[in-house]
Every structure is written in structure tokens, then in C-alpha cells.
Amino acid sequence: MLRQLAQVATAGSAALILFATLTPDPPDPGGMPALVAHLLLFASIGASAALWYATSAAPRRSPQRALVGVMLALWLFGGLTEVAQGATSTRDPSLSDVAFDVAGAVAGFLVGGAAWRAVLARVAR
């Protein structure tokens, strides 16, 4: 059940990120700087990926390989959204955006991972 929730949350986060980063006139993030918006958007996918990681069998077989795979996927997703922006007529790719995307995803994964471990430990009792 939690794994399906993690998959839906990850897909939903990815869809929200694609909408926010690729639409010609993205919604105003409430006056916050664009880089902070990138950080927060990607923190959501990092946190949902942490739940997916925590409920998957792959980390039990090879935790390092699974972790590298998750981090690589998050890094590629951040980079590819910027590449896709270059293909639009209204958006421009930016290395600083990629840096904040990756930082947000990693921070979300670390904070989300700690939170999910605490929740899953309580559920297991």
C-alpha cells in the first residue's frame, strides 16, 4: 500500500514539476525567488522517492546500488527538465536551476528518508 502511495506521489511530483518548469506562463510562486521554488518543487520528488526507496525490495538486495540509481534518476530528471526548457520558445535552461533542482531533490530525499524511517518504525511496532 505504501509503495503504491510512493509511486503515485512521485509521479504526481514529476507532473507538477514538468508543468511548473515547461509551461509558457508558469504560476506565480507567491513572490518567492524562482530558485527557492525550484528547491521546493524538487524536494517534493526527493521526499516521495525516499518513501519509494524505503518500501522497495531493491535497497535490501543492494542498498548502495539502489541509492546510486535513485540519485542518478533525480539528477537526470532535474537536468532533463532544463534541457526541455531549451526546446521551448518561452523558457531558458540554466545551470543554477539544475543545481537547485538537484539540491532540492537530495535534501527532500534525506529529510523525507529520515521522516519515513521514523513512520515505518512506528508502524512496524
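No lab work stands behind these numbers, since they all come straight from the coordinates. As the structure is a prediction and not an experimental result, all values here were calculated from the model. Reconstructed Cβ throughout: ideal geometry from the backbone, glycine too, with neighbour counts over all protein chains shown.
Table for the structure above
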| quantity | calculated |
| --- | --- |
| Residue match in the range 113-121 (condition: among the aromatic types (Phe, Trp, Tyr) and out of contact with any Gly (no Cβ under 6 Å at 6 or more places or on another chain)) | yes |
| All helices (runs of 4 or more DSSP H) inside the range 21-86 with 2 or more residues being polar (S, T, N, Q) | 34-55, 63-86 |
| Candidate set: the range 90-125, residues that are in contact (Cβ under 8 Å) with a residue 60 or more places away in the chain, assigned to a helix (DSSP H, G or I) and of a type in the set (Val, Ile, Thr); chosen: the one nearest to PHE19 (Cα to Cα) | VAL102 |
| Residue among GLY46, GLY69 that is crowded, with 16+ Cβ neighbours inside 10 Å, within 14 Å of the chain's Cα centre (by Cα) and farther than 19 Å from PRO26 by Cα | GLY46 |
| Leading residue by the ranking (nearest to VAL70 (Cα to Cα)) among those in the range 1-35 that are free of Cβ contacts under 8 Å to residues at least 40 places away in the same chain and β-branched (Val, Ile, Thr) | VAL8 |
